[in-house]
Amino acid sequence: MNNNLSKLTAALMIGAASLVPATAAFAQEPGDGKTIRMAQADWDTGWFQAEIYKQMFEDLGYTVTGPMTLGASAFYQAVSQGDVDLWVNGWFPLHRTYESTFEGKAKVDGAVAKGGALQGYLVDKAAIDEFDIKTLDDFKRDEVKKAFDRNGDGKADLVACPPGWGCELTISKHMEEFDLGDDINPIKAGYSASMADAIAAYQNGEHILFYTWTPNWTVDQLSPGKDVMWIEVPQKEGVDLPAPAKGLKTCVADPCYMGFVANDIVPVVNDEFLADNPAVDALLKEVSIPLPDIFAQNSAMNNGDDDVQAQATKWIKDNQDEVNSWLEAARAAAN
């Protein structure tokens, strides 16, 4: 009799379970059954941000492929064609040069970090003191060119940007606008390797000229105000310059005409993908990552800790309450 009662109880339980909606037992995430084809920049200082976003997309149930590493030009072409869905490594206004490629097909959505992303040219402090260097025009002086000529071609060597980067276009424009083609040799090889070579030269007592941006590991290795100083681009009639940075004590002048504006680091997303994924749209509008946190990770990576996945996981855990609020906003937008 007890055996029959057990069978009856089991049958009732199975029947009751069949009446419970599946969503009550298993809450569906907005990304279930969907894929995000993600890209990341070919400058490694942007990989940390990309990994943080990737892990949050996965928390929303999305399958994320990549991130595929692309240069800026290749990314904006790919996102405009729908070959990739997004990246979080846009730099604006620097990347406005690509707007004609993606306008009407993709757009900026939210911001990883607003403002504060400085760019410009730096010179070792010893050279600034020795040669009284203020602007790029000072590299037209023979004694300055000679002091910065490391390959013997008669020009000052400048660590610049690889072809296809937005900064490479701006640097080339500066070389033309300020008639520096016979005076400065922009090195366009791999940036990290070129900077490592420049840092080694500095440590050997040589003078160096380089372009960089912040946040970046370079300003951890070569501290502005101590090891190096920002210099200005010349103020020349007929050449429109971005507004100068003010209150920058690590520049040779205040205000400081750096030749670049402070940028926002932003996601750029394919329009059709965004329309189909309101949860992604909401998440992108919510998220922000403090610049000091990016700077700290970039420094750790340059010092040999290259486990970006673990670094992103730790960052999310350390900021879990805020991350949870972002994810809940994304889930609410999908309902």
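The values are calculated or read from the model by the stated rules, or taken from the named source; none is laboratory data. Because the structure is predicted, anything quoted here is derived from the model rather than measured. Methodologically, a virtual Cβ is constructed for each residue, glycine included, from the backbone with ideal geometry; neighbour enumeration extends over all protein chains shown. Heavy atoms of the whole protein, side chains included, go into the accessibility calculation; ligands, DNA and RNA do not. Shrake-Rupley method; radii C 1.70, N 1.55, O 1.52, S 1.80 Å.
Kindly write out, for region 54-69 in residue order, the coupling ³J(HN,Hα) from the Karplus curve 6.51 cos²θ - 1.76 cosθ + 1.60 (θ = phi - 60°), rounded to whole Hz, with x marking Gly and Pro.
Going residue by residue, I get 4, 5, 6, 4, 5, 4, 8, x, 6, 8, 10, 9, x, x, 7, 7 Hz, with x marking Gly and Pro.
Quick check: convex hull over the Cα atoms of region 168-326, volume per residue in Å³, rounded to an integer?
Given the Cα convex hull of region 168-326, per-residue volume reads 177 Å³.
Just subtract the alpha-carbon distance of K317 and D129 from 0.36 nm times their residue separation and send over the number in nm, one decimal.
Additional length available on full extension: 63.1 nm.
Using only the alpha-carbon atoms of the chain, report the extent along each of the three principal axes, biggest first, to the nearest angstrom.
Rounded to whole Å, the extents work out to 106, 41, 34 Å.
Nearest 5 is fine: what % of DSSP beta bridges in region 119-231 come out antiparallel, could you say?
55
Determine how large the accessible area of Y98 is when every protein chain is in place; take a 1.4 Å probe and give Å² rounded to the nearest 10.
20
Could you tell me the accessible area of D83 in Å² (1.4 Å probe, neighbours in place), rounded to the nearest ten?
So the heavy atoms of D83 present about 90 Å² to solvent.
Would you compute, for the Cα atoms of region 272-335, the largest minus smallest coordinate along each principal axis and list the three values in descending order, in whole Å?
Taking max minus min along each principal axis of the Cα atoms, region 272-335 gives 43, 27, 19 Å.
First check a/c for region 119-231, with a ≥ b ≥ c the square roots of the eigenvalues of its C-alpha gyration tensor; if it is under 1.5, answer rounded, and if not, answer prolate when a/b is larger than b/c or oblate otherwise.
The shape class here is rounded.
Could you work out [θ]222 nm for the chain from helices alone, using -39500 (n - 2.57) per DSSP H run of at least four and dividing by all its residues? Round to the nearest 500 deg cm²/dmol.
Rounded to the nearest 500, it is -12500 deg cm²/dmol.
Tell me, what HN-Hα J-couplings in whole Hz come from the Karplus equation 6.51 cos²θ - 1.76 cosθ + 1.60 at θ = phi - 60° for each residue of region 288-293, using x for Gly and Pro?
Whole-Hz 3J(HN,Hα) from phi for region 288-293: 8, 10, x, 4, x, 5.
Let's see if you can work this out: charge +1 on each Lys and Arg Cβ, -1 on each Asp and Glu Cβ, no other charges. What is the dipole magnitude of region 119-231 about its Cα centre, in debye to the nearest 20?
For this selection, approximately 260 debye.
Could you give each residue of region 190-206 its phi-based ³J(HN,Hα) in whole Hz, using Karplus coefficients 6.51, -1.76, 1.60 with θ = phi - 60°, and x for Gly or Pro?
Listing the rounded values in order: x, 5, 4, 5, 5, 5, 4, 5, 5, 5, 4, 4, 4, 5, 8, x, 8 Hz.
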